[in-house]
Amino acid sequence: MDERVLTERLITYDTCTAEGIRSAAGFVKGWLEARDVGVVDALHNGRPVLAATVGAERGPTVVLHGHLDVVPARPEQFVPRIDGDRLIGRGAYDMKGGLAAMMCAARDLADQRAVRVHLVCVADEETDEDTKKGSDYLVEEGYRGDFAITGEPTDLHIGVQAKGVLAMRVDVSGTAAHGSTPWLGDNAVLKALDVFRRIESLPFARESSDLFDRPSINLGRILGGDALNKVPDRCVIDVDVRYLPGQDPEAILSEVRALPDSEVSVLFHRIPAIVDRENPFVRALAEAVADGRSTERISVGRHGASDVVSFLDAGVPAVEFGPTGGGHHGPDEWVSIRSLERYRAALVRFVELVPGALASGRLRAA
């Protein structure tokens, strides 16, 4: 079963549901074990986590990290289809294609004895719960190393930076009145929309950096009104801010909290990810994916946050690196079939390069 067929199989699991996640995790575990790759499984916050180790018993260690869960989708999006080089379906790009290639790469690397490789898989990357995540749990359990790669979509570029997440709940107050006389009230729903537009125009929203032209600001949820014939006096909006490396989340909160008639609370916060692009492991990965091509690969800033922060917090240099595709979280998400093969090969080649780079002094194991 190659990475394309394996991706198709993973897409068929509706992994925005608990049942689908359990079934998919069982399939991943069974697939690996059928190829003589032992798997340790556990539950964290009721969701499965998987870990497999291949290669050397000790020495330089590389972590390949993936996630099974996806954002909600329509039933037909879990039926994979192919259009030329595009494999289309929910999670194809984010990140069942990357996970499938990592599974194949782990099997390819099982017989080498120069580098230890951890393949880890979680099922809560897409959640907005402000709790310890599965990736944090795996790091605490010892699945760390000298370098980590999470297979988030990057079009075969290496993501050395990712925006932070500041998810806020803004409670906007108004004045109730009868629906037939709206001019006697102060409509909280309309005020909330105005508050969101004001957030978009705050000073922090106009800042930029070398890899990002601006922060990302999204109105994700709006809850307001309790009767059709009443002017709503309360509206709650959930605002997803992806802020830039170097920006201060407390300063951003202060700007939002200064808006009138609004109370702000933090739903979820995750710091930005930053790795030195001259890190020797990053350079070795760039060499592996270039495979003789001259294209610069260390140039990506990821708008979305990821579990790469779990490794960075533990002192493990980590990057986002995944196959080519598009439309993640959208109705026609796709991954390039040709890029899956190249991605798998780049992961294997990277691990093969590590011993030589260590011997030459370019790399130093932790």
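The values are calculated or read from the model by the stated rules, or taken from the named source; none is laboratory data. Everything numeric here is computed off the predicted structure, so don't read it as measured data. Backbone-built Cβ (ideal geometry, glycine too); neighbour counts: all protein chains shown.
Observations
- Answer from 4, 35, 47 - the residue that is of a type in the set (D, E, K, R), more than 24 Å from residue 90 (Cα to Cα) and out of contact with any Pro (no Cβ under 9 Å at 6 or more places or on another chain): 35
- Segment 76-95 residues that are in a strand (DSSP E or B), paired with ones that are at pLDDT below 95 and not aliphatic (A, V, I, L, M) (beta carbon under 7 Å, 6 or more apart): 88/332
- Within the set 345, 357, the sole residue that is of a type outside the set (Val, Ile, Thr), surrounded by fewer than 24 Cβ atoms within 10 Å (Cβ to Cβ), in contact (Cβ under 8 Å) with a residue 40 or more places away in the chain and in contact with a Leu (Cβ under 6 Å, 6 or more places away or on another chain) turns out to be 357.
So that you can scan it fast, the table gives a plain yes or no per residue for (1) free of Cβ contacts under 8 Å to residues at least 12 places away in the same chain; (2) touching a strand residue (DSSP E or B) at 6+ places or on another chain (Cβ under 6 Å); (3) in the same structural domain as residue 340 (by TED's automatic domain parsing):
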residue	(1), (2), (3)
128	no, yes, yes
133	no, no, yes
138	no, yes, yes
146	no, yes, yes
151	no, yes, yes
156	no, no, yes
170	no, yes, no
177	no, yes, no
180	no, no, no
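- Restricting segment 241-259 to residues that are charged (D, E, K, R) and surrounded by fewer than 18 Cβ atoms within 10 Å (Cβ to Cβ), the residue that is nearest to residue 211 (Cα to Cα) is 248.
- Considering segment 229-322, there are no qualifying strands (runs of 3 or more DSSP E) wholly inside with 2 or more residues that are among the polar types (S, T, N, Q) and at pLDDT 95 or above.
- Counting only residues that are touching a residue at least 60 places away in the same chain (Cβ under 8 Å), under 20 Å from residue 18 (Cβ atoms) and not in a strand (DSSP E or B), segment 29-51 holds 1 of them.
- Counting only strands (runs of 3 or more DSSP E) that sit wholly inside segment 119-183, those with at least 2 residues that are touching a His at 6+ places or on another chain (Cβ under 7 Å) are 147-150, 164-173.
- Residue among 165, 122, 172 that is surrounded by fewer than 24 Cβ atoms within 10 Å (Cβ to Cβ) and of a type in the set (Val, Ile, Thr): 165
- Residues considered: 40, 63, 28, 71. Of these, the only one that is surrounded by 23 or more Cβ atoms within 10 Å (Cβ to Cβ) and farther than 16 Å from residue 6 by Cα is 63.
- The sole residue among 193, 219, 184 that is without any contact (Cβ under 8 Å) to a residue 60 or more places away in the chain and within 20 Å of the chain's Cα centre (by Cα) is 219.
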